[in-house]
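A short worksheet on the structure shown next.
Read the figures in this text as sums done on the coordinates, not as results from a lab. Computed from a prediction, not measured in an experiment: that's the story for all the values here. Here Cβ is always computed from backbone atoms with ideal geometry, including for glycine, and neighbour counts include all displayed protein chains.
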Amino acid sequence: MTENFNTDVNKLLNQILRLNNSIFVFQTDILKTSIKYRLKPNYVANEIISNIEKIFKKKTILFPAFSNDLVNFKKYDIKKSSIYTGTIPKLVLKRNYYRTHSFLHSFLAKGPYVRELKKLKQETTWGKGSVFEWLEKKNAIWVALNLEWERGCAFAHRSEELRQVGFRYFKIYEGKLYKNGTYVKKVSEKKYSNYPTKIIKDYSKSFSKLKKKHSKLFFINQSLYANVAKTKNITDDYGSNFKNDKFFGIKNKTELKKWLKKNQTYY
């Protein structure tokens, strides 16, 4: 199965490469691929990473490497902090990549544009000065590898901040910064966070416009495929959901609005 796997991965990645963009972001999942080709997850992940590096060697590539360590433990380590965005970024962290300056929503990046990424100074994690804003300005390609848009489009959260949705508020997280175990300094970061109450989200219709107008599907089989779109289209299409309803996609919006009335300090 190894030979078929590598052939199929290369075929898929070369199809994506033909989109002819200079920046590609890969949000990934490898579980179904591992099961389909009867290969160990770490082997699958490492092979996909190596193939991306080879095929996109002249491009700038990024992998979301988000962490909740600052939220949960009041500390963040550039080299060691946990990553909840999958096996691939966890392994990429061990390679020679630049981890962008966001304690909650960092990216692992490699390529010609890393120099620009190092100069960014964000005000909020998805807003002004953030990697998300930079990706939109560059109109990068977002690749949801083995993921549907409902699970594979972290970039859509930028629209929620830009549209000032009704189920989030700005919150500052504070803690200590470390680098490979060595204390560096105290830090803080501002995020457009979910309110601290039960919020039930339904993304089933959130990407309908994107799918109809601006998304492409590259398909090898049900365990190896990619949904791709340009970042500007994601911002516009997903953001349009909130034009007339700041609570779009919230199943318990009535309860949430009642909670907000009782907790006006969050306004």
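Which residues, taken from segment 79-128, are assigned to a loop (DSSP other than H, G, I, E, B), of a type outside the set (Ser, Thr, Tyr) and buried (at least 18 other Cβ atoms within 10 Å of the Cβ)?
Ile83, Gly86, Leu93, His101, Phe103, Leu104, His105, Gly111, Gln122, Trp126 - these are the residues of segment 79-128 that are assigned to a loop (DSSP other than H, G, I, E, B), of a type outside the set (Ser, Thr, Tyr) and buried (at least 18 other Cβ atoms within 10 Å of the Cβ).
Give me the residue from segment 202-218 that is over 18 Å from Asn241 (Cβ atoms) and of a type outside the set (Lys, Arg) and, out of that set, surrounded by the fewest Cβ atoms within 10 Å (Cβ to Cβ).
Leu217
State which residue is surrounded by the fewest Cβ atoms within 10 Å (Cβ to Cβ) when the search covers only segment 11-65 and only residues that are among the aromatic types (Phe, Trp, Tyr) and not in a helix (DSSP H, G or I).
Taking the candidates together, the pick is Phe56.
Can you pull out every residue in segment 168-201 that is surrounded by 11 or more Cβ atoms within 10 Å (Cβ to Cβ), touching a residue at least 24 places away in the same chain (Cβ under 8 Å) and part of a loop (DSSP other than H, G, I, E, B)?
Scanning segment 168-201 gives Tyr195, Thr197, Ile199, Ile200.
For (1) out of contact with any helix residue (DSSP H, G or I) (no Cβ under 9 Å at 6 or more places or on another chain); (2) within 25 Å of Lys209 (Cα to Cα), each residue gets a yes or a no:
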residue: Asp77; (1), (2): no, no
residue: Ser82; (1), (2): no, no
residue: Leu104; (1), (2): no, no
residue: Phe107; (1), (2): no, no
residue: Lys118; (1), (2): yes, no
residue: Trp126; (1), (2): no, yes
residue: Gly152; (1), (2): yes, yes
residue: Ala156; (1), (2): no, yes
residue: Glu161; (1), (2): no, yes
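Of all residues in segment 26-69 being farther than 25 Å from Arg115 by Cα and of a type in the set (Asp, Glu), which is nearest to the chain's Cα centre (by Cα)?
The extreme case among them is Asp29.
For segment 141-151, what are the residues that are surrounded by fewer than 23 Cβ atoms within 10 Å (Cβ to Cβ) and among the small types (Gly, Ala, Ser)?
none
Hey, could you check segment 1-10 for residues that are in contact with a Leu (Cβ under 8 Å, 6 or more places away or on another chain) and closer than 17 Å to Val143 by Cα and say which is surrounded by the most Cβ atoms within 10 Å (Cβ to Cβ)?
Step by step, filter segment 1-10, then rank; the result is Val9.
Being of a type outside the set (Phe, Trp, Tyr) and free of Cβ contacts under 8 Å to residues at least 24 places away in the same chain is the filter here; which residues of segment 123-163 pass it?
Selection gives Lys128, Gly129, Lys137.
Looking at (1) surrounded by 14 or more Cβ atoms within 10 Å (Cβ to Cβ); (2) under 29 Å from Ser34 (Cα atoms); (3) not β-branched (Val, Ile, Thr), can you tell me which one Asn221 breaks?
(1)
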